[in-house]
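Derivation of every value follows stated rules applied to the coordinates shown; laboratory data play no part. The structure displayed is predicted, hence computed values, not measured ones. Methodologically, a virtual Cβ is constructed for each residue, glycine included, from the backbone with ideal geometry; neighbour enumeration extends over all protein chains shown.
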Amino acid sequence: MTETLSLARCRAAELPDAGCAPRTRFIRRDDIVSWGRVDRRPQLWARPAFRDELDALVADPVSREKLGVGLRRSYGDSCLNFGGALIDATGLDRLIAFDPETGRLRAEAGASISEALQVIVPRGWFLPTTPGTRFVTLGGAVANDVHGKNHHRAGSFGSSVAALGLLSSGGRRLMLTQETEPDLFRATIGGLGLTGFIEWVEFRLAPIPSAVLDVETAPFESLEEFWALAAESVDSHEHTVAWIDCTTNQGRGAFTRANWAAVGELAPHKDRSSRVVPFDFPGFVLNRLSVGAFNEFYYRLQKMKGTRQRQSYEAYFYPLDSVRSWNRLYGARGMRQYQCVIPWGEERVALPALLGEIARAGEASFLAVLKTFGDKPSPGLLSFPRPGTTLALDFPNRGEATLALMSRLDAIVREAKGALYPAKDGRMPAEMFQLSFPQWETVARLKDPAMNSDFWRRVSR
Amino acid sequence: MSAAPKRIAILGAASAIAVAAARLWAVQGARFALVGRNGDRLQAVAADLRARGAASAEPVVADCASADAVATLASIADSLGGLDIVLLVYGALGEQSELERDPKAASDLLQTNFVSAAGWCLAAANRFERQRSGALIVIGSVAGDRGRQSNYVYGASKAGLGVLVQGLAHRLSRSGARAVLIKPGFVNTPMTAHIARKGLLWAQPAAIGQAILRAAVKGGPVAYAPFYWRGIMTIVRWVPASFFHKTKL
């Protein structure tokens, strides 16, 4: 795809503004980015308000290849489509049916987890599993088969999906379930929006006795201690996660484990956040010294905190959501995430090697997260979680230096037969993706020819 | 929080601003009659409101621009067992250059935004005055505060509606019922989706929804939404024409 061709198309998309008869319903926007904010190329974009508009948008001549996207919390290019056009699903945010007796919810794909919680929490239900931000759409949760702190119990989001509504090009509307369309169902869960436009999602909620959690925090001094804590908590605690200090290679950190409190109010979160990062921080703010100091401070804070406390679900699951657009802390050049999973049997070699490489590079990761995955399989063919240990890191984008470090990390992950999380990725080599997601060819076969993403063009070569 | 669920009729119920307000009322267990042209869309909105806690939500398929306001409100009041709130949201933005080329299209826009809306407002006000309670809430626009070359036809329709609602508020003031004009500024809705760059002044429909709920119970006859538009429009109104005419606003 050449740059000139795309720009010519973009100009065509601007015509409605000039007062001519609209030839396309897409407009060109240069402020559409993914959460990492590295790729700033313009995107052709449209946001339908009703499902009946989708057929025309999918067939729109502005580009042959569309991609349904949600709140764009994916960090890299899996929610971007410079080579095509984006259909923003966030206007399709209606609940379709909610049964407070059985805990079944069917909603349009653009409804956010945040909105769903407002409705389900007061009736004693929660999501079966939740990622670390509530600003994720249900369609995005399916398309990325997201996981949470309770993966060892609940599996990934796809494990709780009962049915999906899929619109494919040519106007075919399908209801996908394990039984009726098993192949397309499995290809769509974790399928990065490539099998068609996900119109709605029906899934099973989890009952909660209260909206607060009893949280225990335990500092650890080494990876061995982390694995011991994780192993002993699997049966006793529904939610586990650890923060790890990557500025030193000792593997020190803080382990938290939590259960829903047996009694307490069923109060939904306050949907207001006054704290916003209003502008890009200058690039030098996050440097080796400041990140080191932050990690030191955070480590001491965790040690000081009592080992037990009661937290609201939003404080426990979504601490970063309290500051809107925190990604701007990383400055105008943006940031990159690196999340890998290392299968059991390889962790004692691979994780120390990863931490050593990161500490040596001095490319300090601000917040690094460590968690063990359980063995509950997901129906999704491109699902990321697999039994083992996952490590998530973010790095300010310093161009080649950051990419070079990530390539060195790749080598360790490949050696360990691990995998990288597509939702976090904007740079993994095609070969690495294809090796670690052996079912990718099945998905490629079931992919809708009218759907594509920058990520897929890159990794399916 | 009142004990009896509110009975609410929404005119133009599939619009983003209407939905934002209705969702807040739904949480309180309100009962809805949703008036609009597209039955499938209204069904989708109704299901959403029921899932969020509405005691009931039923579509009423009608073209607000031509429907019989008195009869429609009467039948809605019958089916809901009364009426507490009428929210008028429908309206067309139009394309200014086309409205200038084709005065007939401009007349049609005025017919929809002002003439037909005035009929609904009077019908609702008569009902509320009789029952000595109820709130008529009408969506106007900051565009009605000063005629500007870029959208004066739309602005005129909303200005006319504003004076009408102002008069109704005066008339109803002794009855216990109320009439309020909401003047939103820039709102991120499908009506404005074609505008690519949205600056700091753009509000989400949810913010307008909150202003509507507030206006249903308290405050003066004109509510700007968000509130800071009152200040902005005061300045815009006072700019002398000799200077204003040099701008392209």
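Could you put A:410, B:84 in order, starting from the residue whose Cβ has the fewest other Cβ atoms within 10 Å? Can you show the working numbers first?
On the way: A:410 19, B:84 22.
Neighbour counts put them in this order, fewest first: A:410, B:84.
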Along segment A:329-334, Karplus-curve 3J(HN,Hα) (6.51, -1.76, 1.60; θ = phi - 60°) to the nearest Hz, with x for Gly and Pro, reads 4, 7, x, 5, 7, x
With charges set only on the Cβ (+1 for Lys and Arg, -1 for Asp and Glu), what does the dipole of segment B:109-249 come to about its Cα centre, in debye to the nearest 20?
-> 200 debye
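Once the convex hull of the C-alpha atoms of segment A:23-169 is built, how many Å³ does it hold per residue, rounded to a whole number?
Taking the convex hull of the Cα positions in segment A:23-169, it is 112 Å³ per residue.
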Taking the Cα centre of chain B as origin, sum charge times position over the Cβ atoms of Lys and Arg (+1) and Asp and Glu (-1), and report the length of that vector in debye to the nearest 20.
-> 900 debye
Rg followed by Dmax, in Å, when segment A:329-461 is reduced to its Cα trace = 15.1, 44
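Would you mind ranking A:82, B:243 so that the residue whose beta carbon has the fewest other beta carbons within 10 Å leads the list?
Numbers: A:82 19, B:243 8.
Placing the least packed residue first, the sequence is B:243, A:82.
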Within the P(r) computed for chain A, what percentage of the Cα pairs occupies the region above 43 Å?
-> 10 percent
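For chain B, what is the mean residue ellipticity at 222 nm derived from helices alone (per DSSP H run of n ≥ 4: -39500 (n - 2.57); sum divided by total residues; nearest 500 deg cm²/dmol)? Kindly include the intermediate steps, with their values, before the conclusion.
On the way: 10 runs with 114 residues, N = 249.
Rounded to the nearest 500, it is -14000 deg cm²/dmol.
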Can you give the direction-averaged projected area of the convex hull of the alpha-carbon atoms in segment A:212-426, in nm²?
-> 12.9 nm²
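Can you compute the helix-only [θ] at 222 nm over chain A? Use -39500 (n - 2.57) per DSSP H run of at least 4 residues, normalise by all residues, nearest 500 deg cm²/dmol. Intermediate values should be presented prior to the final figure.
Values: 14 runs with 127 residues, N = 461.
Calculated at 222 nm, the ellipticity per residue is -8000 deg cm²/dmol.
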Pairwise centroid distance, computed over Cα atoms, of segment B:128-204 with segment A:397-461, Å | 51 Å
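Compute the projected area of the convex hull of the Cα atoms of segment A:170-229, averaged over all viewing directions, and report it in nm² to one decimal place.
Details: hull surface 32.8 nm².
Over all viewing directions, segment A:170-229 projects a mean Cα-hull area of 8.2 nm².
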Once amide H atoms are placed 1.01 Å from N in the peptide plane, what residues at a sequence separation of 5 or more from residue B:179, or on another chain, have their amide H within under 5 Å of its amide H?
-> B:136
What list of ³J(HN,Hα) values in whole Hz, one per residue of segment A:73-82 in order, does the Karplus curve 6.51 cos²θ - 1.76 cosθ + 1.60 (θ = phi - 60°) give from phi, with Gly and Pro shown as x?
-> 8, 5, 7, x, 10, 6, 10, 10, 8, 4
Set A:149/A:376; A:270/A:371; A:149/A:371 screened for pairs whose C-alpha atoms are more than 18 Å apart | A:270/A:371
All other residues with a Cβ under 14 Å from the Cβ of residue B:83 taken together, and with Lys, Arg as +1 and Asp, Glu as -1, what is their net charge?
-> +3
So what's the angle, to the nearest 10 degrees on a 0 to 90 scale, between helix A:347-361 and the longest Cα principal axis of chain A?
-> 80 degrees
Using the Cα gyration tensor of segment B:101-223, with a ≥ b ≥ c the square roots of its eigenvalues, what is the shape: rounded (a/c below 1.5), prolate (a/b larger than b/c) or oblate (neither)?
-> oblate
Cα gyration tensor shape of segment A:125-223, rounded if a/c is under 1.5, else prolate or oblate by comparing a/b with b/c | prolate
Out of B:219, B:147, B:134, a Gaussian network model of chain B with alpha-carbon springs under 10 Å gives the largest mean-square fluctuation to B:219
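Determine the dipole magnitude for the protein assembly as shown: charges of +1 sit on the beta-carbon of Lys and Arg, -1 on that of Asp and Glu, nothing else is charged, the reference point is the Cα centre, and the result goes in debye to the nearest 20.
So the dipole magnitude of the protein assembly as shown works out to roughly 2100 debye.
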Each residue of segment A:128-139 in turn: what ³J(HN,Hα) in whole Hz from Karplus with 6.51, -1.76, 1.60 and θ = phi - 60°, glycine and Pro shown as x?
-> x, 7, 9, x, x, 9, 8, 8, 10, 7, 5, x
By counting other Cβ atoms within 10 Å of each Cβ, how are A:454, B:102 ranked from fewest to most?
-> B:102, A:454
Among beta bridges that DSSP assigns inside the protein assembly as shown, antiparallel share in %, nearest 5 | 60 percent
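If R₀ is 41 angstrom, what is the calculated FRET efficiency for the pair residue B:38 and residue B:132, using the beta carbon separation as r and rounding to 0.05?
Efficiency computed from Cβ-Cβ geometry: 0.70.
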